[in-house]
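Okay, structure first, notes after.
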Amino acid sequence: MTREQVIEAARAAFLAHYGVAPTAVGVAPGRVELLGNHTDYNEGFVLTAAVDYVTAIAGAHSERPLTYLATSADFPEVTFDPSAMEKSTGEDRWANYIKGIIDELQKTGTPVGKFAGFVVSSVPDGSGLSSSAALLVATARLLTTLWPDPLADSPMELAKLARRAENGRFVGAPVGLLDQFSSACGLAGNALFLDCRSFAWRAVPLPSDKAGILIANTNVKHELAAGGGYSERHGQCLQAARQLLGRGDAKLRDVTPALLESKGIGLNPVLKQRAHHIVYENARVEKAAEALERGDLAEVGKLMKQSHESCRRYFENSCDEVDLLVEVASALPGVYGAKLTGGGWGGSAVILHDPTVIENLKAALTESYTTKFGKAPTLLTTTAAQGAEGIAL
Ligand code: ADP
Ligand code: MG
């Protein structure tokens, strides 16, 4: 479904469900990390893009006594009093994302009261495209349209509010800003360069007629992904930074390649490898943003390949399934680069390609992957897409 079709589906579903027309829609995309793997919590740099898969929530002020939420996803309808909210449990947990946004808006003084909402989404489940950020930011856009708020003038402030909602008492997930930022600030035809320390950012051109993005999902999740590989890497990065910089709150962001080469000799070899990945990955993200500003997609592709190799050798968060997709894609004409995207040990590869080769690329990936692993990967095509918006109907 296109963005417009999802918006229209949310509008129609609201009407069918509540018997009245909605007065506004909030819509927000998922996102993909193009470069900068595990750099965010090291306060480094990330290159990301909003994708063509979106969540839309249609809404209207409620004529009835409570707030009513429904979704076309497989979750039940939830009803509550917005002036006395409690954390939802069990199957109702999905409503916590919306309660979190209501709570944060109320804290900033926006008088969010009762409303009805209906959620429709094209962000595929479990694909690593951040459906939670899409739901949060779409809700923030809907509610700041129903209760106009100056906050809505700043996509970055909306992203920060959505992050607080995901971190806060309703959802309680200790996530960084990256997902909400990408969803709120996306610009069609552009990638986004984010400094995860200062939150300064800029858009860099990634035009859809020159660069297609293919997300190839292995649909596998290895034990390390589920069993704490992510938090283990997080801990190793902090430990390496402390030892290299001699400060308790040190981050690998402040380690230069020169410092790593001179002081890294004393580090435990595993910590040195982890630091090596992050330090050079940050440098690659900066180089890639500059390359996109020059329109040099071939250079970005080279940096993506180096990133993947670094994940494999130094960060050790790739796996055979992702490696195969990267290897097959990289060998094809018209492919600029390919790499692991997301936490690792399964999940997806992201492939940057000339749009004219998409059919050949999809066929080659499906054939090689199916031959080796006995099932097809899920292939999602996208371009660098527009971020969230609130639409008054
Ligand atoms: P992701 O990597 O996709 O962000 P999360 O676990 O962070 O995965 O968020 C997924 C959760 O977000 C779902 O379990 C559900 O609670 C909520 N969610 C996402 N999309 C929808 C939707 N369309 N309708 C209702 N809830 C949704
Ligand atoms: Mg999420």
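The values are calculated or read from the model by the stated rules, or taken from the named source; none is laboratory data. Since this is a predicted model, take the numbers as computed values, not measurements. Note: ideal-geometry Cβ built from the backbone for every residue, glycine included; neighbour counts use all protein chains shown. The area values use the complete protein model at the heavy-atom level, side chains included, leaving out ligands, DNA and RNA. Shrake-Rupley method; radii C 1.70, N 1.55, O 1.52, S 1.80 Å.
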Under 24 Å from the Cα of LYS375 - lysines, other chains or at least 8 residues apart: LYS221, LYS339, LYS362
Residues whose placed amide H lies under 5 Å from that of LEU393, excluding near-sequence neighbours: ALA24, VAL25
Separation of the THR2 and THR356 label points, Cα + 7 Å toward Cβ, nm: 2.4 nm
Among 165-178, 77-90, the order from most to least packed when residues are scored by Cβ within 10 Å on average: 165-178, 77-90
Lysines with Cα under 19 Å of LYS251, excluding same-chain neighbours fewer than 8 positions away: LYS263, LYS272
Net +/- balance of residues flanking GLY59 in space, Cβ distance below 12 Å, scoring K and R +1, D and E -1: +3
Cα shape, region 212-382, gyration tensor, a/c 1.5 rule: oblate
Charge sum, other residues only, whose C-beta stays under 14 Å from ASN360's C-beta, Lys/Arg counted +1 and Asp/Glu -1: -2
Estimated vicinal HN-Hα couplings, Hz - region 263-279 in sequence order (Karplus 6.51, -1.76, 1.60; Gly, Pro = x): 9, x, 4, x, 7, 4, x, 5, 4, 5, 4, 4, 5, 4, 4, 5, 4
Carbon + sulfur, % of accessible area of region 46-122 - ligands and nucleic acids excluded, 1.4 Å: 49 percent
Amide H partners (placed H, <5 Å) of THR71, local residues excluded: VAL119
3J(HN,Hα) from dihedral phi, region 376-393, Karplus parametrisation 6.51/-1.76/1.60, rounded to Hz, x for glycine, proline: 8, x, 8, 10, 10, 9, 7, 10, 6, 10, 5, x, 6, 8, x, 10, 7, 9
Over the chain, relative contact order from alpha-carbon pairs under 8 Å, at least 6 apart, %: 24 percent
Under 5 Å, built H, 5+ apart or other chain: amide partners of PHE115: SER62, THR67, TYR68
Degrees separating the helix 131-146 axis from the principal Cα axis of the chain, which is the longest one: 40 degrees
Computed helical MRE - 222 nm, the chain, DSSP H runs ≥ 4 contributing -39500 (n - 2.57), nearest 500: -13000 deg cm²/dmol
Vicinal HN-Hα couplings computed from phi for region 37-51 (Karplus, 6.51 cos²θ - 1.76 cosθ + 1.60; Hz; Gly/Pro x): 8, 6, 7, 4, 6, 8, 6, x, 10, 9, 10, 9, 8, 6, 10
Nearest-ten-degree value, helix 358-373 long axis tilted from longest Cα axis of the chain: 70 degrees
Relative packing of peptides 114-125, 62-73, 257-268, 320-331 - highest average C-beta neighbours within 10 Å first: 114-125, 320-331, 62-73, 257-268
Local electrostatic count at GLU316 - Lys and Arg +1, Asp and Glu -1, tallied over other residues with Cβ under 11 Å: +3
Average accessible surface area per residue within the chain, 1.4 Å rolling probe, Å²: 40 Å²
Region 212-382 - percent of accessible surface contributed by carbon and sulfur, probe 1.4 Å: 51 percent
Principal-axis tilt of helix 297-310 within the chain, Cα atoms, nearest 10 degrees: 80 degrees
